[in-house]
1. Just report the Cα centroid separation between the range 528-603 and the range 247-266, whole Å.
2. Rolling a 1.4 Å sphere over the protein heavy atoms, what is the accessible area per residue of the range 308-541, to the nearest Å²?
3. Lys and Arg at +1, Asp and Glu at -1: add these up for the other residues within a Cβ distance under 14 Å of LEU532 and post the number.
4. Going highest first, how would you order 231-241, 368-378, 471-481 by mean Cβ packing within 10 Å?
5. Not counting ligands, DNA or RNA, and with a 1.4 Å probe, what is THR594's accessible surface area in Å² rounded to the nearest 10?
6. Assigning unit charges at the beta carbon (Lys, Arg +1; Asp, Glu -1) and nothing else, what dipole magnitude in debye, to the nearest 20, does the range 717-833 show about its Cα centre?
7. Regarding the range 585-639, what's the average projected area of the Cα-atom convex hull, expressed in nm²?
8. Over the range 709-817, what percent of the accessible surface lies on carbon and sulfur atoms, probe 1.4 Å?
Amino acid sequence: MQVPQSPSSLAAPQQFQTSPPAAMGHPPISPPGQQLPSLGSPPPMTTIGSVTAPPMGMPGPPGPGVHQPPLGPQGYPQQPGSPMSGPYGAQMAGPQSGAFPGGFPGGPAQMAGPPQKKLDPDSIPSTTQVIEDDQAKRGGQVYVTNIRGQVPPLVTTDFTVQDQGNASPRFMRCTTYSFPSTADLAKQCKVPLAAIIKPFATVPKNETPLYIVNHGETGPIRCNRCKAYMCPYMQFIDGGRRYQCGFCSCVNEVPVQYFQHLDHMGRRMDLYERPELSLGSYEFIATLDYCKNNKPPNPPAYIFMIDVSYNNIKSGLVKLICEELKTLLDRLPKEEGTETSAIKVGFVTYNKILHFYNVKSALAQPQMMVVSDVAEMFVPLLDGFLVNFQESRAVINNLLEQIPDMFADTNESETVFSPVIQAGVEALKAAECSGKLFIFQSSIPTAEAPGKLKNRDDLKLVGTEKEKTLFQPQRGVYEQLTKDCVAQGCCVDLFLFPNQFVDIATMGDVPSHTSGSIYKYSNFQVNGQQFLSDLRRDVEKSIGFDAIMRVRTGTGFRATDFFGAIYMNNTTDVEMAAVDCDKAVTVEFKHDDTLSEESGAVMQCALLYTTIGGQRRLRIHNLSLNCSSQLSELYKSCETDALINFFAKSGDRITNSYRNLILPDAMKVFPVYMNSLLKTPTLVGSTELSTDDRAFHRLLVNAMGVEETQVLLYPRLIPLHTMDVSSEAIPAPVRCSEERLSESGIFLLENGLCVFLWLGQACPPDLIQNLFNVPSLGHLSSEGPTSLPVLDNAHSRKIHSIISSISQRRATSMKLLIVKQKDRSEMLFRQHLVEDKGLHGGASYMDFLCYVHREIRQLLT
């Protein structure tokens, strides 16, 4: 067994000798009928506002003609002094029954009564409160993964994971941790069964990195029938000579070299010395059978492809990129424990034609080769195009100096796009390696060439049946290009600098199917701090190439649908040209039989990929869930943030997603997220939003993990005027609504994509002086200042430290926008106050609740 070489993990092998967890991966056994201690008490009922209803299965109030109890604020019966009238209702009396989960009891008679006073906003469930409560209850703790079906802390909570047999929630989260035992029950409960998998998620420094297991020349041990990999759910029998697969129940022989005796509990004696028997996540070294053409892969290459048309030269972008690359290439990612990066680099510039550069270390000057026949793309040189940066540093720096000058007088404004990707793929093919293309482009490709695009933007289609065609890519050449890229393990990252429509739906099609990222900087200004931070992170981040992922499940259910920046050639293999620490794949499951409550539901995600050092590996993540025939168990084990990630990616499912407003505690803020999702650029049909912005938003969300969709749909609104400048902590966020702003205050709003600093009209002059070095708000320009100066005082330091600690957690660099109350720029800020009415349409949270309420009443009557 190899242990990754890092100081923190030198002691790692000892960590295996932790006290044996309670029966690996299963909850403690308890007498039938008794509540399992690990699963907590039955869920309290949530009521919305002060609308309450007894749990299903309890008698409702009497029917018409019988004495009616007094009506509550919304015209619903309420027994005075009954325990049902707390702010979120009472404890549920046992599991729910009745055909309509969470429906209101009684008939239409009890629905009558005039609505009385307006609901108090503080009485409806609050997201910030839920987040704060979870942090108070579970923050700072160690989350041990040895219990089947336990619900992890929220993504917003700070906790440490100790892997004892199930994958960390950083790698896998589920919409519910208790699957319904039958397909009928799944239909009835309406909760989509899905897992959000981030196979390359970043592991914090204080957690053990993944162990690497080497099973030698025979390769990883797998079930003969279903091909699942050795994991903690395999049951050893017959004195250790055979094992029963935890997925398909097939009994397999244990290979001679893998044999080990069992202890008196029937467990292998080496259980805690072998990661694959005691942990939820680990890696296997793959043998040649897992490599293309049965030979070891070459290390990957990064190719930088710069659009040198008139716009990019004039804006100073080309010069900025060339300057940055000189230092950035020193920070290419490298394999753990190696001195330098094995990644090769290459350079192309282009407008209507392509220029390739020979930067072989032996040359005194770089050489340029031009390909003007873009219809028949080929790479004009093999030797010297992809090189090791350390060896060719002098030639490369020389080239980066020259590029801005070479094209300084250009007046060529047309560009090509598809041939650029084609050139990259051909170069990787010739070098027999996988890799990534970094393409920097500013306009729609209109030059005569394959993949030429025309401006098809038409806002008249918004709100009609044909609106969706605006977001469908123009196929043709791009479809074949995607296939070529995936087959070669060529990931495309696109940096766009548009001044007008560029058809992101089409230009983003190849990146979004090759697990690439798309970045967009509209009306680019040369102080591109946001762009430079994005580029740095994109070049440096941890990544694997030429990946293929498969999700295997136990009998009774299977993976049916996959959402993400992925490519699928068949129904089971998720192909990813690359896989990095930010990309998540959302997988939906369906029943094909009854699940056993005793054995639960198990799943295994296996990812085969090439490391940045050129080694073929398998990364395995295992997870075991409970199964139940009680809807109350299922609802109680739901995770709102994971559910909303699923709905955000499968937009067409939103409409029929929920029927019960009496939500279990775990889901009480589901409506606020759902309403926010309905107001996102992708789903809100408004002609005020550009087609490109909407397409861009859609592609971004498609690759997001749970943490990213959570903060996008419920941004953090942080009051800064009342903070304690001496404390390390970030002040507690308030509800995301205009009602929480105060004229004398300063607030920070962040949603993972951008940060706003909102300045109230009456905010104290000394605060403005401390932050902007001007005597009062009136001295700031009417459009709002463009940046926040770094000043030598406690307030300035504290705000910069808050912004930097937020930025470190987020996947992209966030642009800081400073807005003054009542200024024009404030509109941008207001569209993120998700509890209020949407700027481009969409209800406030309160109105949405009332609307859903009415719908439910109609359903019931």
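1. The range 528-603 and the range 247-266 have Cα centres spaced 30 Å from each other.
2. Counting only protein heavy atoms, the per-residue value for the range 308-541 is 41 Å².
3. For residues surrounding LEU532, the net value is +1.
4. 231-241, 471-481, 368-378
5. 90 Å²
6. Numbers: 11 positive and 11 negative charges, 65 e Å.
It comes to approximately 320 debye.
7. It is 5.5 nm².
8. The C+S portion of the solvent-accessible surface of the range 709-817 is 53 percent.
The values are calculated or read from the model by the stated rules, or taken from the named source; none is laboratory data. What you see is a predicted model, and the numbers here were worked out from it, not measured in a lab. When we count neighbours, we look across all protein chains shown, and the Cβ atoms used for this are built from the backbone with ideal geometry, even at glycine. In case anyone asks, the SASA skips ligands and DNA or RNA and just uses the protein heavy atoms, side chains included. Shrake-Rupley method; radii C 1.70, N 1.55, O 1.52, S 1.80 Å.
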